[in-house]
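Derivation of every value follows stated rules applied to the coordinates shown; laboratory data play no part. On a predicted model such as this, the values are computed, not experimentally measured, just so you know. With ideal geometry, Cβ positions are generated from the backbone for all residues, glycine too; neighbour counts draw on all protein chains shown.
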Amino acid sequence: MFQFGGVNILNEKIREKITSENLFKIFNRFIIPYLSHNERDFMLGLQKYCLEVVEPKIDPTRDVYYLFPILGEAGYMQRLYPYQDFKPFGMRYELILAMCLSIIDPELDLARVVSGVLAMNPLYSHGKSDREHKALDDLMAGRKIGCICITERERGSDAVNMQTQAIECEDGSGDVYFEGEKVFTTNGPVADYFITYGVTDEKNPRGTMYQVLLERGFKGLETKRLGILSVPRVHIGQTLFKHIRVPKNNIIGFAGEGYTNLFKGLVAERTTIIGSSLGISWLSAITGLIYADLRKQFNKRLLEFQAVSFPIAKMLVDVMAATDLGFQAATEFEKIARYPEKIDMVKYNAGFSSGTKYLASNLAHRISYEMQQLVGGVGYTDNLRIDKALEVSKIQEIIGGSRNIQILLVTQTIKSILKLIE
Ligand SMILES: Cc1cc2nc3c(=O)[nH]c(=O)nc-3n(C[C@H](O)[C@H](O)[C@H](O)COP(=O)(O)OP(=O)(O)OC[C@H]3O[C@@H](n4cnc5c(N)ncnc54)[C@H](O)[C@@H]3O)c2cc1C
């Protein structure tokens, strides 16, 4: 297991037990009952790759991005959609990928999800031009880094009413100019590709929103890093568009299509984040479980104190239930993809995925925070991965929309259900 460079004060016998291999062994015991044979085989292959190839290459003093090609060459930048001959794929496989990678390195998985799923998804679903197909291939291979630019300084939760301007060129080329600023762009400061949204009329964002692919090197594109302390190996930034000319070939969604594309993509985004949050929950829960089983105080193992073992048991029950719900959300996602015309189901699924995202990301934070108390001081050091998990869980709860916004979406779904009895 990699460490971030601090002194190791873990008891030697405990250290040799808290390995990623052992974390996976325990995780598998809990998780395998939820899986089909194919899913189990996929997961075991992925874990082998994580242990033999990915983990030995993790250098905690470096940003995570040099690990992308290593994931890409085995088809692990994403598993939502087909890429080369890598099989199987689908949202349930993507969930397994996010969980296992988060157990190994939660910061790596955060950056991967943004590049491999959030930025990739619009290109896969709506990309038509050669440029867009090239970008898609680069992202899936992990050769290049992607990001998604929705949030602005003055428009956070109210993302639809954006201020970034898309100005249609009057020379008949079909190109647009982009003018404005986005903030909180995960991967932005190092990204090669930027999925970006802007409107031609601020008063009519739904009817005029464009979705475009910007590329590093476009004149007028500037990125700067924000000071986000919790994930030092992931760059999160400010992205500036200073009258960038966007060629027609880089327009993914024209006026109005941008809005529909944006909202269709959010369910995939949220469901993948559920996987990362569950992985973080399992990482903290199992690490603490092994530690409490071996650490002795007052001549007893910590797990012999009910004040320690009961909360851990409750955490495991909670994360098992959340994992079951997460897989259900992934199954629903796959079902909806087959029946996009069933609007009621689509709407219900949007609310369901929001509710599950809220629950899983909040649980990841709660488990990591509580587990720190239960294992004591060492849980605050880099000797265990609990503190890292806690820091990343904070980001998981806001990225893809804050807790309140997820709950707001659930209440909207509830309102539409109540219409049934009006
Ligand atoms: C580390 C990090 C990474 C991120 N990565 C990305 C990214 O890659 N791309 C991207 O586009 N964005 C990204 N975001 C932005 C993130 O999605 C926004 O921060 C989030 O949508 C909230 O916007 P805001 O921060 O402006 O808060 P605000 O919208 O100002 O909200 C402030 C508070 O008010 C609450 N609130 C607002 N409106 C309502 C309402 N109607 N009902 C109830 N409560 C409400 C919110 O829940 C929140 O608690 C990231 C953010 C962070 C912190």
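Ordering of 179-190, 317-328, 89-100 by packing is 89-100, 179-190, 317-328, highest average first (other Cβ atoms within 10 Å, averaged per residue).
State which entries of LYS203/LYS264; LYS182/LYS242; LYS13/LYS296; LYS128/LYS182; LYS342/LYS419 exceed 19 angstrom in Cα-Cα distance in the structure shown. Checking Cα-Cα distances, LYS203/LYS264; LYS128/LYS182 exceed 19 Å. Residue-wise HN-Hα couplings along segment 216-231, as the Karplus relation 6.51 cos²θ - 1.76 cosθ + 1.60 with θ = phi - 60° gives them from phi, are 3, x, 4, 5, x, 8, 10, 10, 9, 8, 8, x, 9, 7, 6, 10 Hz; Gly and Pro carry x. Normalising the average separation of contacting C-alpha pairs (under 8 angstrom, six or more residues apart) by the number of residues puts the relative contact order of the chain at 17 percent.
Separation of segment 91-142 and segment 371-422, taken as the distance between their Cα centroids, equals 21 angstrom. Taking amide H positions as placed in the peptide plane 1.01 Å from N, state which residues far from ASP175 in sequence (5 or more) or on other chains have amide H under 5 Å from it. When sequence neighbours closer than 5 places are left aside, the close amide H contacts are CYS169, LYS248. Would you mind estimating how fast the chain diffuses translationally, via Stokes-Einstein at 25 °C and 0.890 mPa s with the Kirkwood radius over Cα pairs, in µm²/s? It comes out at roughly 111 µm²/s. What you get for the chain, charging only the Cβ of Lys and Arg (+1) and of Asp and Glu (-1), is a dipole of about 860 debye around the Cα centre.
Rg and Dmax over the alpha-carbon atoms of segment 298-377 stand at 18.0, 63 Å. Excluding same-chain neighbours fewer than eight residues apart, the aspartates and glutamates reachable from LYS224 by a Cα-Cα span under 19 Å are ASP63, GLU152, GLU154, GLU179, GLU181, ASP192, GLU215. Highest mean packing first, where packing is the average number of other Cβ atoms within 10 Å per residue, the peptides 246-256, 71-81 line up as 71-81, 246-256. Within segment 315-422, all pairs of alpha-carbon atoms sorted by distance into 10 Å bins from zero give the percentages 14, 34, 30, 14, 6, 1. The mean of 1/r over all pairs of different alpha-carbon atoms in segment 12-123, once inverted, gives a Kirkwood hydrodynamic radius of 14.6 Å. Ellipticity at 222 nm from helices only: DSSP H runs of n ≥ 4 in the chain, each -39500 (n - 2.57), divided by the residue count, give -16500 deg cm²/dmol.
Full extension of the segment from ALA74 to LYS242, taken as 0.36 nm per residue of separation minus the current Cα-Cα distance, would add 56.7 nm. Ranked from largest, the principal axis spans of the Cα set of segment 66-133 equal 36, 24, 18 Å. 3J(HN,Hα) along segment 387-394, derived from phi through the Karplus expression 6.51 cos²θ - 1.76 cosθ + 1.60 where θ = phi - 60°, amounts to 5, 4, 4, 4, 5, 6, 4, 4 Hz, with x in place of Gly and Pro. Summarising the label geometry, the points placed 7 Å from Cα in the beta-carbon direction at LEU418 and ILE167 lie 4.5 nm from one another.
Taking the Kirkwood radius as the inverse of the mean 1/r across Cα pairs, report the Rg/Rh of segment 48-195. My calculation of the ratio gives 1.02. Both radii come from the Cα set of segment 146-256: Rg as radius of gyration, Rh as Kirkwood radius; their ratio Rg/Rh reads 0.97. Counting only aspartates and glutamates at least 8 places from LYS17 when in the same chain, those with an alpha carbon closer than 14 Å to its own are ASP293. Straight-distance candidates among the lysines for linking to LYS394, with alpha-carbon spacing under 17 Å and chain neighbours fewer than 8 residues away dropped: LYS357. Sequentially through segment 123-139, phi angles give Karplus couplings (6.51, -1.76, 1.60; θ = phi - 60°) of 5, 5, 7, 10, x, 10, 7, 4, 4, 5, 5, 5, 4, 4, 5, 4, 6 Hz, Gly and Pro residues having no value and appearing as x.
About its Cα centre, segment 146-256 has a charge dipole of approximately 460 debye under the convention of +1 per Lys or Arg Cβ and -1 per Asp or Glu Cβ, with nothing else charged.
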